[in-house]
1. For the stretch 106-122, what are the residues that are crowded, with 24+ Cβ neighbours inside 10 Å, out of contact with any helix residue (DSSP H, G or I) (no Cβ under 7 Å at 6 or more places or on another chain) and on the phi < 0 side of the Ramachandran plot?
2. What residue, among those in the stretch 212-226 that are more than 17 Å from ALA256 (Cα to Cα) and of a type in the set (D, E, K, R), is surrounded by the most Cβ atoms within 10 Å (Cβ to Cβ)?
3. Determine if the stretch 403-418 includes at least one residue that is touching a Cys at 6+ places or on another chain (Cβ under 6 Å), at pLDDT 95 or above, under 28 Å from GLY291 (Cβ atoms) and open to solvent by 50 Å² or more (accessible area, probe 1.4 Å).
4. Could you please find all residues in the stretch 75-102 being without any contact (Cβ under 8 Å) to a residue 60 or more places away in the chain and surrounded by fewer than 18 Cβ atoms within 10 Å (Cβ to Cβ)?
5. Taking the stated definitions as given, is ARG283 farther than 30 Å from ARG64 by Cα, touching a residue at least 12 places away in the same chain (Cβ under 8 Å), touching a Leu at 6+ places or on another chain (Cβ under 9 Å) and not in a loop (DSSP other than H, G, I, E, B)?
6. Please enumerate the residues belonging to the stretch 30-48 that are of a type in the set (Val, Ile, Thr) and open to solvent by less than 20 Å² (accessible area, probe 1.4 Å).
7. What strands (runs of 3 or more DSSP E), lying completely within the stretch 75-144, carry at least 2 residues that are in contact with a strand residue (DSSP E or B) (Cβ under 9 Å, 6 or more places away or on another chain) and farther than 23 Å from ALA203 by Cα?
8. Looking at ALA229, ALA237, can you tell me which residue is open to solvent by 10 Å² or more (accessible area, probe 1.4 Å) and either without any contact (Cβ under 8 Å) to a residue 60 or more places away in the chain or closer than 19 Å to THR298 by Cα (or both)?
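The values are calculated or read from the model by the stated rules, or taken from the named source; none is laboratory data. Quick caveat, the model's predicted, so the values are computed rather than measured. When we count neighbours, we look across all protein chains shown, and the Cβ atoms used for this are built from the backbone with ideal geometry, even at glycine. Areas reflect the complete protein model, heavy atoms only, side chains present, ligands, DNA and RNA absent. Shrake-Rupley method; radii C 1.70, N 1.55, O 1.52, S 1.80 Å.
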Amino acid sequence: MIRGYVEQPSPRAGGTLTLRAATDAPRFRVEFHRCGDGLTLSAKSPWLPGADAPPHLPAHDWGRDGTGPRGEPLPAWPGHELPAPAEPGVYVAVLVEGDDDGDRTDPDRTTPDGREAKALFVVRPAAPSARILYKLPLFTYHAYNVSGGWCLYDHPQPGDVPGVSLHRPGGGTGATPYDVTNFDPYDPTPRQTFVHWDGRFVAWLARRGYLVDYCTDLDLHRDGEELLAPYRLLVSAGHDEYWSDAMRAAVSRHVAAGRNVAFFGGNTCWWRIAFRDAVTFERTGFWHEHGPPENELTGVSFRNGGERDRDEHPEPVGFRVQHADHWVYAGTGLRDGDVFGLEECLVGYECDGAAFDRAAGPPRVPTGEDGTPAGFTILAVGDCAAAGWGLGNRAATMGLHSAPGTVFTGATTDWPRGLDSSAAVARITANVLDRLGEPPLSPSS
């Protein structure tokens, strides 16, 4: 068995990275696969010496010596300095165990997903090379990552240190997410992993020929406005739940400077987090209870949308259109009152909404009582109440506002699943990227 992680979640192209790995094999090698429309082998390492090391606690830096819950020593996981791939993008390191006869394991190279033998990381360009920056939700991945025994959804035993570390296996792939048994009837890949949401979006961007740079939450947390300044549009998709103060402030200033954000996801900016040290973070509370409500940035909140957990509410929910003459709907052929995304069960598994008066309209208009900006335009409503679930107002509200930059929200975690199965979802997504970012390059360019 082999497990590992890249110590720098986003090394620069042409630079170096440190891969830390523990294995019971005498040696191993690394294959770097770039994620796009499938996995493309980019580079291979030579054989590296194998060495085993015990799991550490979730709040530990596994690259340093530690102490276990009974005082036992936990040696640091061995590190191997390797050249980072030359081409920017999202990568999976595939770890192949070997011996004197060569390879003795054969990891699945058809998918970025896996419970072991894989590690997700981003290669950032030496200098910005696009107008669109896509952020992977690294903090959310790790919040659900149970490497070491628990995650932020477990209750540590007395004496355990709360919080989770970024320096351990997992963070998108290569470990087990907390709700791996929470089966999605519409997508068998495990939730809270790269393959379930972000992988679909990254593949779609590649097929459509979009020129995109990639980063992680940690980059945004550390570099803030300096990171965002060269880009016209920041994109987030799927499940981007965990946000630090530094992330929130940087994106708010990005919008105030006239630049744009597109949230093709749900449950966005729900938990507020703080770092205890350079690599370990913990929850400090919900944003709407312990800071400015997330609506002030996103326009929407999970507390007025809700969760279709597991397969307990299988009735599909789509979006009902209003303001069909808006530029977001250009080329879709949709009219007011039409519903899109119903067959895909587009709304869920978690979704966000703005409070509105259900007795008034259509068109629905935000009341603003939950912190949604007065200028937020509701473009579509996914009525969760009719399907028997939801929180608060129990309706997802796709829409946007400008302050003065534009913030768009798809308001559902499962938006990426609709990219390949719903012509309306694909066209709306392209309209947003093209209007707020830049037109795509041709796929052959």
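1. Scanning the stretch 106-122 gives LYS118, ALA119, LEU120, PHE121, VAL122.
2. Of the stretch 212-226, the ones more than 17 Å from ALA256 (Cα to Cα) are 212-219, 221-223.
Of the ones still in play, those that are also of a type in the set (D, E, K, R) are 213, 217, 219, 222-223.
Values: ASP213: 22, ASP217: 26, ASP219: 22, ARG222: 16, ASP223: 14.
By that ranking, first place goes to ASP217.
3. Of the residues in the stretch 403-418, the ones touching a Cys at 6+ places or on another chain (Cβ under 6 Å) are 411-412.
Subset that is at pLDDT 95 or above: 411-412.
Filter once more, so that each one left must be under 28 Å from GLY291 (Cβ atoms): 411-412.
Within this subset, residues satisfying the condition of being open to solvent by 50 Å² or more (accessible area, probe 1.4 Å) are none.
Within the stretch 403-418, none of the residues are touching a Cys at 6+ places or on another chain (Cβ under 6 Å), at pLDDT 95 or above, under 28 Å from GLY291 (Cβ atoms) and open to solvent by 50 Å² or more (accessible area, probe 1.4 Å).
4. PRO75, ALA76, ASP101, GLY102
5. Details: farther than 30 Å from ARG64 by Cα: no; touching a residue at least 12 places away in the same chain (Cβ under 8 Å): yes; touching a Leu at 6+ places or on another chain (Cβ under 9 Å): yes; not in a loop (DSSP other than H, G, I, E, B): yes.
No: the conditions fail for ARG283.
6. As a first pass, look at the stretch 30-48 and keep what is of a type in the set (Val, Ile, Thr): 30, 40.
Scanning the stretch 30-48 gives a single hit, VAL30.
7. On the way: elements: 79-83, 89-99, 118-123, 132-136.
Of the strands (runs of 3 or more DSSP E) lying wholly inside the stretch 75-144, those with at least 2 residues that are in contact with a strand residue (DSSP E or B) (Cβ under 9 Å, 6 or more places away or on another chain) and farther than 23 Å from ALA203 by Cα span 79-83, 89-99.
8. Details: ALA237 fails: open to solvent by 10 Å² or more (accessible area, probe 1.4 Å).
That would be ALA229, the only listed residue that is open to solvent by 10 Å² or more (accessible area, probe 1.4 Å) and either without any contact (Cβ under 8 Å) to a residue 60 or more places away in the chain or closer than 19 Å to THR298 by Cα (or both).
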